[in-house]
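First the structure, which I've put down as structure tokens, then a few questions once you've had a look.
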Amino acid sequence: MRSSYKIFHNECVYFITSTTVEWIPVFTSQKYFDILIASMKYCREEKSLSIFAYVILDNHFHLLCQAPELSKTIQSLKRHTAKCILEQLEADHKKWMLNLFSYYKKMHKTASDHQVWQEGFHPQEIMNEEMLVNKIEYIHYNPVRRGLVKKPEHWIFSSATDYDDGHGVLEIDRLEI
């Protein structure tokens, strides 16, 4: 089922989530994280994607972001990363995961034999400062809640380090809160 959430104001900041089909854990080694990080960097540099907070986990990512054409930018990011992930899985001889992405592909997805990402990205417009702070905390504490780290800034695939006066693996656009 397609998401009923929509982008109504491109000038606004949105909290978005994108998940792999059936929550398949793709991001389990550096090379797979690097695919998504490189695509996010490209979108920041070439598509005016502003990223204010992020986290990447094994089967999904969250962004607090803004772009002139956010829907198109995220669709492009997901399309490109899916292609690269499938190529890497092929190179890594991970046929079992390729088979899962083929098995769970939606019937109407005829352009590919596989589907990496669930449809949509569940955009939620940030309406006020309280919501902004809540979403940043939600993003940063996601790895803690999953038991992956004890402190948010210990998860390197997150902007928590940036908010703790460090630098993460992906440059962010600072928000003063």
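The values are calculated or read from the model by the stated rules, or taken from the named source; none is laboratory data. Worth saying up front: this structure is predicted, and the values here are computed from it rather than measured. Don't worry about glycine lacking a Cβ; one is built from the backbone with ideal geometry, like all the others, and counts go over all protein chains shown.
So the check is Cβ under 7 Å with 6+ separation or different chains; which pairs have a first residue in the stretch 17-34 that's within 12 Å of residue 88 (Cα to Cα) and a second one that's β-branched (Val, Ile, Thr) and part of a helix (DSSP H, G or I)?
Within 7 Å, the pairs are 26/85; 32/85.
Of everything in the stretch 146-177, what is out of contact with any strand residue (DSSP E or B) (no Cβ under 9 Å at 6 or more places or on another chain) and in a helix (DSSP H, G or I)? Give them in sequence order.
Of everything in the stretch 146-177, those that are out of contact with any strand residue (DSSP E or B) (no Cβ under 9 Å at 6 or more places or on another chain) and in a helix (DSSP H, G or I) turn out to be 153, 154, 161.
Give me the pairs: first residue in the stretch 109-136 and touching a residue at least 40 places away in the same chain (Cβ under 8 Å) and within 18 Å of residue 11 (Cβ to Cβ), second residue hydroxyl-bearing (Ser, Thr, Tyr) and in a loop (DSSP other than H, G, I, E, B), beta-carbon distance under 6 Å, and six or more apart or on different chains, which are they?
Hits for this filter: 123/5.
Might you check whether a residue that is in contact with a Cys (Cβ under 8 Å, 6 or more places away or on another chain), modelled with pLDDT of 95 or more and either crowded, with 20+ Cβ neighbours inside 10 Å or at positive phi (or both) occurs anywhere in the stretch 87-99?
Checking the stretch 87-99: not a single residue is in contact with a Cys (Cβ under 8 Å, 6 or more places away or on another chain), modelled with pLDDT of 95 or more and either crowded, with 20+ Cβ neighbours inside 10 Å or at positive phi (or both).
Return the pair list, or none, for Cβ contacts closer than 7 Å from residues in the stretch 144-170 that are within 20 Å of residue 52 (Cβ to Cβ) to residues that are assigned to a strand (DSSP E or B) and of a type in the set (Ser, Thr, Tyr), at least 6 apart or on different chains.
So the pair list comes out as 152/158; 158/54; 159/54; 168/158; 170/54.
Conditions first: (1) buried (at least 20 other Cβ atoms within 10 Å of the Cβ); (2) touching a Leu at 6+ places or on another chain (Cβ under 8 Å). Residue 32 passes all but one, so which condition is the exception?
Among (1) buried (at least 20 other Cβ atoms within 10 Å of the Cβ); (2) touching a Leu at 6+ places or on another chain (Cβ under 8 Å), the lone unmet condition for residue 32 is (2).
Moving to a separate point now. Taking the stretch 45-95 as the region of interest, how many residues are of a type outside the set (A, V, I, L, M, F, W, C), in contact with a strand residue (DSSP E or B) (Cβ under 6 Å, 6 or more places away or on another chain) and over 19 Å from residue 120 (Cβ atoms)? Please lay out each step first, then the result.
The first filter runs over the stretch 45-95 and keeps only residues of a type outside the set (A, V, I, L, M, F, W, C), leaving 45-48, 50, 54, 58-60, 62, 66, 68-69, 71-73, 75-76, 78-81, 83, 87-88, 90, 92-95.
Okay, now just the ones that are also in contact with a strand residue (DSSP E or B) (Cβ under 6 Å, 6 or more places away or on another chain), so 50, 54, 59-60, 62, 66, 78.
With the extra rule that they be over 19 Å from residue 120 (Cβ atoms), the set shrinks to 50.
Summing the residues that are of a type outside the set (A, V, I, L, M, F, W, C), in contact with a strand residue (DSSP E or B) (Cβ under 6 Å, 6 or more places away or on another chain) and over 19 Å from residue 120 (Cβ atoms) in the stretch 45-95 gives 1.
Within the set of pairs 6+ apart or on separate chains, which have a first residue in the stretch 37-60 that is among the polar types (S, T, N, Q), a second that is assigned to a helix (DSSP H, G or I) and at pLDDT below 95, and C-beta atoms under 7 Å apart?
Final answer for the pair search is none.
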